[in-house]
Amino acid sequence: MNALELAQACAAAMWGEDLASQNLGMVLEHARPGQAVMRMEITSAMVNGHGTAHGGYIFTLADSAFAFACNTVDQRSVGQQASITYLAPAFCGDVLTASATERTRQTRSGLYDVTVTNQNGALIAEFRGHSRTVKGRLLGN
């Protein structure tokens, strides 16, 4: 199995168990080695008292993309630390896309950047996540 096939198999295995992302209406657009892209529409249930998307939902979308990007080599990885900077508001009906990219992966630690944009390509948020590998494999080998 080549690296792309491995990344896609890991993503499929994770997606099958990721009820949080599924129940929020997220869609995994694709997974490649060290990368993942996820999409989610902002619903009325995700809007705060200011009439904008609650930051927690934007964070969750970015965090899910991060999770799929850091689990593309069949070694279970979890988030160790993450931060987000909100740059523009999102609104009900907006379709947000989170694009995660691995910056470095050394021994048990990884560093990932996630860019969140809306359907017009406007930058909504920037997220940085630190991963840590743990015991276990996604594909059970």
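Worth pointing out:
- Inside the range 55-75, residues that are within 21 Å of Met1 (Cα to Cα), modelled with pLDDT of 95 or more and among the charged types (D, E, K, R) make up a count of 0.
- Selection count, the range 96-139, where residues are over 14 Å from Gly34 (Cβ atoms) and in contact (Cβ under 8 Å) with a residue 40 or more places away in the chain: 17
- Looking across the range 96-122 at every residue that is in a strand (DSSP E or B) and over 16 Å from the mean Cα position of the chain (by Cα), the one that is modelled with the lowest pLDDT is identified as Gln106.
- Scoring Glu29 on the criteria (1) touching a Cys at 6+ places or on another chain (Cβ under 7 Å); (2) among the acidic types (Asp, Glu); (3) not in a loop (DSSP other than H, G, I, E, B) leaves a single failure, condition (1).
- Residue within the range 76-83 that is touching a residue at least 12 places away in the same chain (Cβ under 8 Å), in contact with a Gly (Cβ under 7 Å, 6 or more places away or on another chain), part of a strand (DSSP E or B) and crowded, with 16+ Cβ neighbours inside 10 Å present: yes
- Pairs with Cβ under 8 Å, 6+ apart, first in the range 11-22 and in contact (Cβ under 8 Å) with a residue 40 or more places away in the chain and loosely packed, with under 14 Cβ neighbours inside 10 Å, second β-branched (Val, Ile, Thr) and part of a helix (DSSP H, G or I): Ala20/Thr60
- Apart from one condition, Leu61 fits all of (1) within 17 Å of Ser99 (Cβ to Cβ); (2) touching a residue at least 60 places away in the same chain (Cβ under 8 Å); the exception is (2).
- Residue, farthest from Ala82 (Cα to Cα), within the range 124-141, restricted to residues that are of a type outside the set (D, E, K, R) and in a strand (DSSP E or B): Ile124
The values are calculated or read from the model by the stated rules, or taken from the named source; none is laboratory data. The model shown is predicted, which means the values in this text are computed figures rather than measured ones. In this analysis, Cβ positions are derived from the backbone assuming ideal geometry, glycine residues included, and neighbour counts consider all displayed protein chains.
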